[in-house]
C-alpha cells in the first residue's frame, strides 16, 4: 500500500469521525472549526470511494484474477467486521434503545442490511442500514459486483467495462423504484476517478508532477471544494477535486515515510469507520447522564475509537479475512494483510 494512500485513508476515516461527533452532539455552530467539520467532514466518504477505485484497480490490473477469486477476497475483507458492528448496533437498539433513539430495527430490515441491500430504516431516517455508515458499503458492494463482471471481458477493456457498468447502474436502477432510488446518488462515479488515477499511476505519468505543481493542484482543488459551502457528494464539485488532491499526493509518494505512525491509522481505518458511530452514541449517552464536559467527551470518543480500531483490525479483520480466504481458497498458503 502506498504511504500517501495510507495517509489519505487515515485522514478520510478521522474526518468522518469528527463530522459525526459534531452532527450527533449538536455542536455544529459552537465555533468555526465545528461548522467546518459539520459542512465538510463527510468529504471523507468521497475520498474513501476514490481510494477504493484506485486500490481495487491497481491491485488487479497487473495479474490475472477470476471473478470468483476477486469476490472471495472482497467478501473476506469487508463482511466479517461489518457484520460484527451491524450486530452490535442491532442488539443495542433492541436492548438499550435510549442509547440510539434515532435508529430503528426489524428482522427484514436487519437481513437486508447484512446483505448490503438498500432499505428504508424503520425509524424513518431514510435509506440507511442498521449501522448507518453502512450505506457507503452498499455502494462498495455494487462496485465490487460491477468489477467482478468486468473481469470476464478482455483486460484492455476493463476500464471501459467499469465505466459502462456504473453508468448503467446509476441511470437505470433508480427507474425500478422503491429502494433502488438509493443508486440515483452520483457519488458512485468517485470509484471511476480512483480507477483513472490508478491507470495514471500504472503508466508512471504521476512522476512528471513536480512539488510546485502538486501544491498548486492541492490549493486549487481545496478552493473548489470550499466554494461548494457544504459536501453534497457531487462527483464534479467534490469528487473531482478530491481525486486531484489524491493524484497530487501520490505524485509526492517519496516524501511520505514508510515508518510513519499514520500508516497504522490507515491500516485501522476500516475498523475506525465501522466502530465510531457506536462509540459516539455510547459516549454521548453517558455524557447526558453525567454532564461530562464536551471536551472530555470528544477526547474519550477519540481514545475509544483509536483503541477499538487497533483491537478490531488485529483481532477481527486480520484473522477473519485469513480464515475465510483459507476456507474458500485453500490454495493460498501465505495470506497477506487485507488491502
Check: Can you find even one residue in region 23-35 that is closer than 26 Å to residue 142 by Cα and either touching a strand residue (DSSP E or B) at 6+ places or on another chain (Cβ under 8 Å) or assigned to a helix (DSSP H, G or I) (or both)?
Finding: no
Item checked: Lone qualifier among 72, 88, 50 - being surrounded by 22 or more Cβ atoms within 10 Å (Cβ to Cβ) and either farther than 30 Å from residue 289 by Cα or touching a helix residue (DSSP H, G or I) at 6+ places or on another chain (Cβ under 8 Å) (or both) -> 50
Margin query: Restricting to region 162-184, give me the number of residues that are part of a helix (DSSP H, G or I) and surrounded by fewer than 11 Cβ atoms within 10 Å (Cβ to Cβ).
Written below: 2
Checklist line | Condition broken by residue 225, with the remaining ones in (1) farther than 18 Å from residue 16 by Cβ; (2) in contact with a helix residue (DSSP H, G or I) (Cβ under 6 Å, 6 or more places away or on another chain); (3) part of a helix (DSSP H, G or I) satisfied | finding: (1)
Notebook entry, point to check: In region 188-205, what residues are more than 19 Å from residue 155 (Cα to Cα) and surrounded by 19 or more Cβ atoms within 10 Å (Cβ to Cβ)?
Noted result: 188, 189, 190
Note to self: Return the pair list, or none, for Cβ contacts closer than 8 Å from residues in region 105-120 that are touching a residue at least 24 places away in the same chain (Cβ under 8 Å) and at negative phi to residues that are surrounded by fewer than 16 Cβ atoms within 10 Å (Cβ to Cβ) and outside any helix (DSSP H, G or I), at least 6 apart or on different chains.
What the structure shows: 105/122; 120/126
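Just so you know, all these numbers are worked out from the coordinates, no wet-lab data involved. These numbers were taken from a predicted model, which means no experiment stands behind them. Glycine also receives a Cβ, built like all others from the backbone with ideal geometry; neighbour counts cover every protein chain displayed.
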